[in-house]
Amino acid sequence: MYEGDWNGGDLTGSLLVAMPSMTDERFERTVIFVCAHSEDGAMGLVVNKLMDDLTLPALLRQLKIEPGAAQDDEPIHYGGPVESSRGFVLHTADYVQESTMVITDNVALTATIEVLRAIARGEGPARKVMALGYAGWSAGQLDSEIQANGWLSVPADEELLFGADHAHKWERALAKLGVTPALLSGEAGHA
């Protein structure tokens, strides 16, 4: 499946949880869903940080899409620092169009305006995270960051991905591993 010297495991469909020692404030206490990971690099979306003062109805109005009557003030996520004006919808795989990238049996990614139109009409996916920007890593970069004790990998579940309790997703993701944040050290090989 993979060529070359890449020895890392494929983390596509997993969550990355930033270690407490993460010094990059853009990723401090983040939970990132890995949409793609290969020897060529990785791409993911932050699922626990929200954009300040931007909601779905406001975004739809900016795009000249009439928000449906059932639209609430659903937040827009900070997906990551790369291409921060580009939109992505991470969603359940009950909605798939030609341009949708199916990531796992239950999770897909669509980055077209058509998914937003479907959401506004009430015809979109059952559960979703709408994000601006993404997190990206060049070839070998994510693997190096994991080896340097920057990230933990956690199996994804629908509640961590799509649940509304954004303030506690980081702690809940760590708890899936049986880890308490206070016991984590930033030094490799130490707890």
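Coordinate-derived values only; no laboratory data. Given the structure is predicted, the values throughout are model-derived calculations rather than measurements. As a convention, Cβ positions derive from the backbone with ideal geometry for all residues, glycine included, and neighbour counts pool all protein chains shown.
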**Request:** Find the relative contact order for the chain and round it to a whole percent, using C-alpha pairs within less than 8 Å whose residues are 6+ positions apart.
**Result:** 27
**Item:** Among P57, T23, L109 the positive-end extreme of the charge dipole of the chain (Cβ point charges)
**Value:** P57
**Pairwise FRET efficiency - L63 versus Q147, Cβ, R0 = 45 Å, nearest 0.05** = 0.65
**Asked** Between R26 and D165, what length comes free when the chain is fully extended (0.36 nm per residue of separation minus the Cα-Cα distance, one decimal in nm)?
**Response** 48.1 nm
**Message:** Charges on Cβ only, +1 for Lys and Arg, -1 for Asp and Glu, centred on the Cα centroid of the chain; of G9, G68, P81, which one is farthest towards the dipole's positive end?
**Reply:** G68
**Asked** Straight-line reach from K169: which lysines have Cα under 25 Å away, leaving out those fewer than 8 places along the same chain?
**Response** K49, K128
**Request:** Would you kindly compute the Cα radius of gyration of the range 118-177 and its largest Cα-Cα separation (Dmax), both in Å?
**Result:** 15.1, 45
**Prompt:** How many angstrom lie between the C-alpha centres of the range 117-174 and the range 8-80?
**Reply:** 6
**Asked** Quick one: T180, T100, fewest Cβ neighbours within 10 Å first, how do they rank?
**Response** T180, T100
**Item:** trypsin sites (Lys or Arg not before Pro) within the range 82-191: DSSP coil, no more than 14 neighbouring Cβ in 10 Å
**Value:** R121
**Prompt:** Once label points are set 7 Å from the Cα along Cα→Cβ at both D72 and T180, what is their separation, rounded to one decimal in nm?
**Reply:** 3.4
**Item:** Fewest-first sequence of Y95, Y134 by Cβ atoms within 10 Å of each Cβ
**Value:** Y95, Y134
**Message:** Sequence gap at least 6, Cα distance under 8 Å: using those rules, report the relative contact order of the range 79-163 to the nearest whole percent.
**Reply:** 36
**Complete:** GNM on the chain, Cα springs under 10 Å; top mean-square fluctuation among E159, E123, E98 goes to E98
**Item:** Least to most buried among S38, S85, S138 (fewest other Cβ within 10 Å first)
**Value:** S85, S138, S38
**Request:** State the label only: which of (1) 9, 29, 37, 20, 4, 0; (2) 7, 14, 10, 8, 7, 6, 6, 5, 5, 5, 5, 5, 5, 5, 4, 3, 1, 0; (3) 9, 36, 35, 15, 4, 0 corresponds to P(r) over Cα pairs in 10 Å bins from 0, in percent computed from the shown model?
**Result:** (3)
**Share of alpha-carbon pairs per 10 Å distance bin for the range 13-59, given as whole %** = 24, 41, 29, 5
